[in-house]
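Student: Before anything else, here's the structure in question.
Bear in mind these aren't lab numbers, they're just calculated from the coordinates by the rules spelled out. Small disclaimer: the values here were computed from a predicted structure and weren't measured.
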Amino acid sequence: MKYIMAFVWSFLLVTMVNYVAGSIAGMAFDFRAGLVASIVLAVIILCITAVTPDGEVADY
């Protein structure tokens, strides 16, 4: 479920940023570029969460 939600949130946020940035720059909305960027972002987020520890870190 976390994989699906990571993709859904990254898709929504990247598509929103893609639309706003395209509107500011005067470019047409490109759905495919937002889709590819959201997949890349979701993979990066899932890799970061896999590497970081879940519990408390011990003091040395």
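Student: In percent, what relative contact order does the chain have, based on Cα pairs under 8 Å that are 6 or more apart in sequence?
Tutor: Value for the chain: 40 percent.
Student: Would you compute, for the Cα atoms of the stretch 13-60, the largest minus smallest coordinate along each principal axis and list the three values in descending order, in whole Å?
Tutor: Its Cα atoms span 54, 18, 11 Å along the three principal axes.
Student: Rounded to the nearest 10 degrees, what's the angle between the helix 2-25 long axis and the longest principal axis of the chain, both from Cα atoms, 0 to 90?
Tutor: Approximately 40 degrees, to the nearest 10.
Student: Mind pulling the angle between the C-alpha long axis of helix 31-51 and the longest principal axis of the chain? Nearest 10 degrees, somewhere in 0 to 90.
Tutor: For 31-51 against the chain, the angle is about 10 degrees.
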